[in-house]
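FYI, it's all coordinate maths here, none of it is from the lab. None of the values given here were measured: they were computed from a predicted structure. Here Cβ is always computed from backbone atoms with ideal geometry, including for glycine, and neighbour counts include all displayed protein chains.
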Amino acid sequence: MRRRAVGLAPLLVAGLLAWTRLAGAPAADPPAREATVIGERFLPTPPGVRVETWVSGLEVPWSLVFLPDGRALVSERRGRIRLIVDGQLRPEPWAMLEVRHRGEGGLMGLALHPRYPQEPYVYAMMTVTAGGAAQNRVVRLRDRSERGELDRVIIDGIPGSDVHNGGRIAFGPDGMLYVTTGDGSQGARAQDPGSLAGKVLRLEPDGSIPPDNPLVGRRGRPEVYTYGHRNPQGLAWHPRTGDLLASEHGPTGERGWRGHDEINVLLPGANYGWPEVIGAPGDARFVDPLVYWAAGLPPAGMTFWSDDLFVASLRAGALVRLTLRHDDGRYAVTSIERWWASGPMEGTYGRLRDAVVGPDGALYVLTSNRDGRGRPRPGDDRILRITRP
């Protein structure tokens, strides 16, 4: 297969920089950074890969979680959580939540309590209207088998908007809840230590503040884990190192910028630069991305599958496979493939929102062609099931 550049711009793969702190703490000197320009392989039909439709007839699905008893739950942005049993979508919603479904807002990420079923809770992030304005919050629902019952609000007061709400939530290996928040179309919020917008937050399962959060006892919101983000929509932990990676949408039309979507390695208290910088400028005040696409992607949900990082992309309509190398505390991207793509913006299945590994070892990918920006295909929106030898 031919190797091609990303659109008309190269893809920059940069080494990881040392992290800097909020609240005026001095930045550590960054280690030497080696940048490499590499091409991507476009694979309209990835060899040895089988794709089948697992569930169809959904409306803007956003997040998928599997329960240990074989059931699965999928969120739809209009406010429904749907139940899937034995690969069959139940007609009645498992839960209905009152959301502000405008633009990119609405019901977004789902997460399962790490001690489920002893703690039978499902978490959901959503946009609501509060005081006449958009606001994001995370709620907890109790699993009643055939339905979900709203239990409590975990965190609210997160600035929202019709765009840039973040929305991904996930529990890490440390048992903490991580929440991605967008800048709500006001970039300055991402650098404001007193705002919850443009951040990745870290919380106890009950919504309290972990005592080892980087800003505890210092200036700024203690919920904050990292900051300087524009619109992060994916979280994944490396299966061998335990490091947390995040995907982030870059700017389009702002200051004439276009693209610069990123994958970042998240470090406690680190500043990822938005809106002061984009790409990988090598500015010691900020952490450069592990990889960015100068021509735009943008990346959404992601997961590790057999040690490779698989990233769902929206406008590009591809499942992006990144092979990583980790040596002496540094990461490097050694190869990139775009599955089901014949060109930079030419994907077989259209917009892709999330990628999740199921209990059967298969990879499950959600399409998002009914979100107002795509062209629905037969059966959309749906969940694809991907297997390989």
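Quick notes
- Near Asp69: Cβ cut-off under 12 Å, other residues only, Lys/Arg at +1 and Asp/Glu at -1. The net charge is -1.
- At q = 0.18 Å⁻¹, base-10 log of I(q)/I(0) for the range 122-233 (Debye sum, equal scatterers on each alpha carbon): -0.86
- Environment charge at Leu83 (Cβ cut-off 13 Å; Lys +1, Arg +1, Asp -1, Glu -1): 0
- Compactness of the range 298-342, expressed as Rg and Dmax over alpha-carbon positions, Å: 11.3, 36
- For the range 302-311, 3J(HN,Hα) computed residue by residue from phi via the Karplus equation (6.51, -1.76, 1.60; θ = phi - 60°) reads 8, 7, 8, 9, 6, 6, 9, 8, 10, 10 Hz, glycine and proline entered as x.
- Residue among Arg321, Arg375, Arg137 with the largest mean-square fluctuation in a Gaussian network model of the chain, springs linking Cα atoms under 10 Å: Arg375
- Distance between the pseudo-spin-label points of Asp307 and Ser208 (7 Å out from Cα toward the beta carbon): 4.0 nm.
- Sorting Val74, Val99, Val85, Val333 by the number of Cβ atoms found within 10 Å of their own Cβ, with the fewest placed first, yields Val85, Val333, Val99, Val74.
- Sites counted here are GluC sites (Glu not before Pro) in a DSSP loop (not H, G, I, E or B) having no more than 16 other Cβ atoms within 10 Å; the longest part of the chain that contains none of them is 147-275.
- Sorted by Cβ neighbour density within 10 Å, fewest at the top, the residues Asp212, Asp371, Asp308: Asp212, Asp308, Asp371
- Of Pro214, Pro91, Pro281, the one that fluctuates the most in a GNM where the chain has Cα springs shorter than 10 Å: Pro91
- Were the residues from Thr129 through Glu146 laid out at 0.36 nm apart, the gain over their Cα-Cα distance would be 3.3 nm.
- Between Asp156 and Arg102, the contour length at 0.36 nm per residue exceeds the alpha carbon distance by 17.6 nm.
- Put in line by how crowded their Cβ is, counting other Cβ atoms within 10 Å and starting with the fewest, Leu266, Leu112 read Leu112, Leu266.
- Rg followed by Dmax, in Å, when the range 3-387 is reduced to its Cα trace: 19.3, 56
- Mean projected area of the convex hull spanned by the Cα atoms of the range 267-340, taken over all viewing directions: 6.1 nm².
- Neighbours of Val265, meaning other residues whose beta-carbon lies under 11 angstrom from its beta-carbon, give a summed charge of -2 when Lys and Arg score +1 and Asp and Glu score -1.
- Assuming charge only on the beta carbon of Lys and Arg (+1) and of Asp and Glu (-1), the dipole of the range 127-251 about its Cα centre is about 140 debye to the nearest 20.
- Along its principal axes, the range 44-191 has C-alpha extents of 45, 43, 33 angstrom, given from the largest down.
- For the range 225-379, alpha-carbon Rg and Dmax in angstrom: 15.3, 49
- Candidates Gly105, Gly273, Gly361: whichever shows maximal mean-square fluctuation once the chain is modelled as a Gaussian network with Cα springs under 10 Å: Gly361
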